[in-house]
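The structure under discussion appears below in the form of structure tokens.
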Amino acid sequence: MVNYTDIQVIDARDIFIKWNKSQLDGLSEYTSDEIHKYIKLIPLFLHLNHKMLPGYISDQLPGYVQSGVYGYQADKATVNDARLLNSKFRYQHEEIVKNAAVESVFFQRRLVDGSFLCWIFNKPDLSSEMLDALKTKIEKISQWLYSRGAAIKFICLSGDDFISDKKNKALNNDKALFLDNFYSESIVLAGKYPVWWLVSPSKEGEYSACVEHIKQARFVDNDEFIDLASPAEVTRKDFLYFSVNQVQTVKLSAEICLVNLLVIDNKSRAWPDLDGVSFRLKEYLYQNKQSINLPGILTELLRETFSQYAGNKHLYTEDRLFSWIKANPGKLNPEIAECFLAAKDYREVRLEGVDNILASLSYFKAIADEIRQLFGSIVDTCWQRKEEGEEDSNLLLVARNMQELLSDSANRVPLYNSKDITDILFDRILLRYQHSSWSLLAGTSRGDETILDDFTSLLGLLAWCWLNRVVNHSTQISIDCPSHQVRQIEARYVLEILMQYLDPKIVSSIPPKVFEKPAQPLKSLLFMSLLNESDVQRMAKDSLVFSQSLFGTSTGPVMHCEQLIINSWGDVYTKEYTGNAGMLQCLCEWTHHAPLDASAEYVSRKTDKDVLVQPQSLKAFSYGTGDSTHIAQRMEQIYSEIINFFYKCKISAGRFVLRMENTCYVVTADNGLLAASEIGRQKALIEYLQAAVDVYQDTALERLAFTEQPLCEMYQRNKKNVLQVFFQIKSRRYHVWVLDEKGTLWTDIVNVYDRDSYVIHWLYLFRNIRVILKKKSAENSDLPSLEICQISINPLGEFEFHTKGAEALSGEKQFYELQVKIEVSDNDDQLSLVFEDQVFLYSEFRQNVLMECIQYMSASMSGGGHRPVFVTDIDIPLSLYHVAMPEMLQISHILKFKRNFEHRINKLLQG
């Protein structure tokens, strides 16, 4: 700021009045003569309640406003203009009203966008009835002006409400610049003027004390001014808050955002010293500086800010940037760019066709880069210079989140343009894969090629084209990809999918509050393809994204997935996954924004409105026809079953088994986050399900995980602490599957001798199993129950389950019972057997117990007495079950011993 000499209060008032009059007369430069006249008539419309003038309200209206505008008296020119509206209007000069309902009428032409506002300050103690009547009158005036082509926003409030950020929404959202803009842009049409204009620039830091001194000294009549506070009453928090709001609305007008951030950055750097358009305007007026204009003062601020970034990397110089803004101002007031370039002879060459598209995209990128740098500077300045107790952690978090959104990232899809502009649509694009990246090539009028941005994936490039609005349904696509072998029709199909499922507005209409929380995935699209081994190895070599462990060493085609993600901040980025494990990693990571433990806690509130927090849906597509289409459908089906099992069924501690090609995997939750791990082929899956577990786990099998056996349907019926026996008769053999009390699988195949023997033997066996568990386990409560189901296949090929009830007990026992007892000694295991009522003790037969028993069995079965032999009672040490502690014993351990012993007996009998 330059030096100045303080002047007297009365002189300051005269300077302001002179400036105010020149500004009022100068309004004709920005409006038509007719609109200019209407603006000057607004105080008269408010002052009078005349039937021949706009704003008339009935005399019978309760609370009718009679006292007009403070100190207003229409001059002859104003009266003549009013008579032009209605020749019957007659104006009778009256005394100046001192106790008026309206204290001041301000007209503001906003410099940044050229919009018009009219501020009407009512008397603070106005009754509610009178205030309602005044607002009704203002509404009628507003409608009349709008019908005449004058789009003016009217705001009615008291001076106290004006300086309250709770009552004045404009001040609440824009405290850093609001008063600075208001004082520099507003014109007093009638009534009291702001006392701020009487405060010397050197006293801005002591504004309240200075105003009080003016009131006490009575340099001017205290009733002729109104106190609307000082623009000096701002903090760094206000600068940061305003900058955050600007970035949140950047997609509405990047040009306005750029200008405002340039001003805020200047003010933030100068703070606690004061700077701004209004401060400089007052100073220049006090110094009697000639040729003062607001765009010129703003230009000073903008160029000073640009000078602070001279050493930074810029895509455009400031003159080139504003020359583009001048040609494409958007919502920004064109005067700003014109004034910025007034002293420069800088002109952009008029471009057409592809050249214009390329230049426009380059401009969009340049302005986005400037906004990123400015916002980062403001955030860093506010953070580095913050004082103790000044920090707002929530606001700073929002700012940091926005910085992250604006930062560069290899996998991010940069968004520069949010406007539908016909002139920047490509008729044809060429997509080239070279040096491990995708790029868009466009031919210029000079005959050469221009490369637009490099992307790690084709999906990211196509999303960039669509979301930046440079392609549509008519755009033709060509592919140059010798290594990837992506066909033109496949790229076109992906683009059509993006156009159908991805509305660009999803990234341009982001509510401000979302930045108060970490970014959450909002929408996702998956695109599947099959890669040859050579492509996989090359991608693994060229990119850090891929890991050999994700896709193994398969020599056949390998699945590859490109995922497009849009999060709650409006950020768009891509991810790539390869191989079976990569596909499952993609599905699991998509659920991580809704952890199972957080969902369970949310549900535990048990309110009517509470629902289970579930991950977003997932849409999968293929790059072409054939196997990749089937893979895409299967991925959707697997994801749906995973969500149903873990989230809809609320099973956070379960395990979900699935198969990808010939390999089986299991999905489990680790600290509430789903993760997949490899099991192996089907044999390994059976071993996995047969392994002992510490506690019961709900288990689900994806419907195609094991189609040869009804394991999927069985686990759907699995129950805790129930021994479930499932059997199916095929080719005179029992195919048996058992789920024990902890869900561990046990299988067996037994010859069929008669219809009921096998089922009945389970009743005898289970009775003894309960005795074994009661004896071995320290916890005798909650002994398991038994459930027996026969499986059949209906004419539609579906499995049906038929529970066997108590009627099975009525059947006659048509099998031989065998009881096994083993005692462990220092030398060897001592086996004793009981076959029916015949006892074979170790003490009597020693090592020949088993053979003696076999001989007795053979003799008993001779002469047509052949029956199946089932072990129904077992008494052996824990060590033979291969468990270390009694609590670890499961029924499946007992059944394994039973199966092995029975198979040995049957083999000896047959031999």
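The values are calculated or read from the model by the stated rules, or taken from the named source; none is laboratory data. Everything numeric here is computed off the predicted structure, so don't read it as measured data. Cβ placement follows ideal geometry from the backbone for every residue including glycine, while neighbour counts extend to all protein chains displayed.
Within region 714-759, can you find the residues that are farther than 12 Å from LEU786 by Cβ and of a type in the set (A, V, I, L, M)?
Those that are farther than 12 Å from LEU786 by Cβ and of a type in the set (A, V, I, L, M): MET714, ILE729, VAL736, LEU745, ILE749, VAL750, VAL752.
Does region 372-387 include one or more residues that are at pLDDT below 85, at positive phi, surrounded by fewer than 15 Cβ atoms within 10 Å (Cβ to Cβ) and part of a loop (DSSP other than H, G, I, E, B)?
No: zero hits.
Would you mind finding the one in GLU641, GLU661 that is under 19 Å from PHE706 (Cα atoms), among the acidic types (Asp, Glu) and out of contact with any Asp or Glu (no Cβ under 7 Å at 6 or more places or on another chain)?
GLU661
Just one of the numbered conditions (1) in a helix (DSSP H, G or I); (2) at pLDDT 85 or above; (3) out of contact with any Pro (no Cβ under 7 Å at 6 or more places or on another chain) is not true of ALA600; which one?
(2)
Being on the phi < 0 side of the Ramachandran plot, at pLDDT 85 or above and either touching a His at 6+ places or on another chain (Cβ under 9 Å) or of a type in the set (A, V, I, L, M, F, W, C) (or both) is true for just one of LEU618, LEU530. Which residue is that?
LEU618
Output the number of the condition that VAL536 fails; it satisfies all remaining conditions of (1) of a type in the set (Val, Ile, Thr); (2) modelled with pLDDT under 65; (3) within 15 Å of TRP438 (Cβ to Cβ).
Here VAL536 meets the rest and fails (3).
Would you say LEU525 is modelled with pLDDT of 85 or more, touching a Lys or Arg at 6+ places or on another chain (Cβ under 9 Å) and more than 19 Å from SER418 (Cα to Cα)?
Here the answer is yes, as LEU525 does meet what is asked.
So, in region 477-511, of the ones that are of a type in the set (Gly, Ala, Ser) and under 14 Å from ILE429 (Cβ atoms), which residue ends up surrounded by the most Cβ atoms within 10 Å (Cβ to Cβ)?
Once the filter is applied, the top-ranked residue is ALA491.
Hey, among the residues in region 668-695 that are surrounded by 20 or more Cβ atoms within 10 Å (Cβ to Cβ) and in contact with a Gly (Cβ under 9 Å, 6 or more places away or on another chain), which one's farthest from GLY579 (Cα to Cα)?
LEU689
Looking at region 257-272 only, could you name the residues that are more than 26 Å from the chain's Cα centre (by Cα) and assigned to a helix (DSSP H, G or I)?
VAL259, ASN260, LEU262, VAL263, ILE264, ASP265, ASN266, LYS267, SER268, ARG269, ALA270, listed by residue number.
Could you list all residues from region 1-59 that are at pLDDT below 85 and over 30 Å from ASP132 (Cα atoms)?
MET1, VAL2, ASN3, TYR4, THR5, ASP6, ILE7
What is the number of the single condition among (1) surrounded by fewer than 17 Cβ atoms within 10 Å (Cβ to Cβ); (2) in a helix (DSSP H, G or I) that SER892 does not meet?
SER892 satisfies all of (1) surrounded by fewer than 17 Cβ atoms within 10 Å (Cβ to Cβ); (2) in a helix (DSSP H, G or I) except (1).
For region 112-228, which fully contained helices (runs of 4 or more DSSP H) count at least 3 residues that are within 23 Å of LEU274 (Cβ to Cβ) and modelled with pLDDT of 90 or more?
So the answer is 178-185, 207-217.
What are the residues in region 282-297 that are part of a helix (DSSP H, G or I) and either of a type in the set (Phe, Trp, Tyr) or within 21 Å of SER202 (Cα to Cα) (or both), if any?
LYS282, GLU283, TYR284, LEU285, TYR286, ILE297
For region 871-889, how many residues meet the condition of being crowded, with 18+ Cβ neighbours inside 10 Å and either without any contact (Cβ under 8 Å) to a residue 40 or more places away in the chain or part of a helix (DSSP H, G or I) (or both)?
1
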